[in-house]
Amino acid sequence: MTRFTIGAAEIATPRPSEFGEFVEIAKGRSIVSVGDWGDGRFELGLSGGLMLRLFSDGPAEVNLISTINPNEIPPLVVSLGDLPNRTPIHVIEDKLRGLRTLHAIFWLAQNGRLDDLMGYTGTDIERDLLDVDDQLHIESISYGSWLLALWAKTTSAYTAISSVAGLVYERGRDAYLRKLEANASLLENQANREAVEVAKLSFDTSKSQLDYLLDVADRIDAPEIKDKVKARILDAVDELTLGDSADSNARRRLEGPGNMGRTM
């Protein structure tokens, strides 16, 4: 029977893992490199800072390790929702635009810069109002499962995307938490484990971060900014949930009876 392990033997004794944990960590990653060491070890470099190693010189073993540098902010693997294997390109483009817009608005809100939207008439908030290092960077998008491996260069960008990822989809919330927890168990560097734990805690609340952001918009004194922020949030939610029938009511949930004051 195949043995699954986590962690590099060169650093410490790998710990045993279960097949379910392996799937939770590896699913949605793309192969970015291949290596055959000729000594019974075959390696696949995966997007999002992972290495999958197969050992055949003895009992079959599948080993996962992190290749993230000690000072590097860990990646996030984010779902675009439940889509068919073959999806129109324009749907993916719209969903990515919705994700980027929500990320940018969260970043502005968390850094006290929502006033930057005053007088802004452009269509790409992230590109126009955020520095390049605070914008999202994509390493891969997986066929079929439609999972993105995202990188953020700054802590503030990491915090902002952590506030968005998985929370538009109510049914995806627990799945995203499980993935964060699985990744945290893999990361061998203390700083990376702490960063993932902070992200996990931001989700471990009864109140959706999107609800929180709409509350922030409601507290804005200038009506023109308030309406603009709320409209862009709800439009971005529509884009991010496009094509996913299971979450097609996300906007209606945000505008529902419990949020009557938030309707446009």
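Modelled this way, with points 7 Å down the Cα-to-C-beta line, the labels at residue 131 and residue 224 are 2.9 nm from one another. Taking all C-alpha pairs of the stretch 1-56, those more than 20 Å from each other amount to 24 percent.
Relative to the current alpha-carbon distance between residue 34 and residue 15, full extension at 0.36 nm per residue lengthens the span by 4.5 nm. Restricting the calculation to Cα atoms, the stretch 36-91 shows an Rg/Rh of 1.15 when the hydrodynamic-style radius is the Kirkwood one.
In the stretch 1-106, the C-alpha radius of gyration followed by the widest Cα-Cα span (Dmax) gives 17.2, 52 angstrom. Local charge for residue 129 was computed over the other residues whose Cβ lies under 15 Å away, with Lys and Arg +1 and Asp and Glu -1, and equals -2.
Solvent exposure of the stretch 51-113, expressed per residue, is 45 Å² of accessible area, with all protein chains present and a 1.4 angstrom probe.
For the stretch 66-161, the equivalent ellipsoid derived from the Cα gyration tensor has semi-axes of 24, 20, 9 Å, listed largest first. Along the stretch 35-49 the Karplus relation, 6.51 cos²θ - 1.76 cosθ + 1.60 evaluated at θ = phi - 60°, assigns HN-Hα couplings of x, 10, 7, x, 10, x, 10, 10, 10, 10, x, 10, 4, x, x Hz to successive residues, with x for each Gly and Pro.
The values are calculated or read from the model by the stated rules, or taken from the named source; none is laboratory data. Remember, predicted model here, so these are calculated numbers, not experimental data. With ideal geometry, Cβ positions are generated from the backbone for all residues, glycine too; neighbour counts draw on all protein chains shown. We work out accessible area using only protein heavy atoms, side chains counted, and drop any ligands, DNA or RNA first. Shrake-Rupley method; radii C 1.70, N 1.55, O 1.52, S 1.80 Å.
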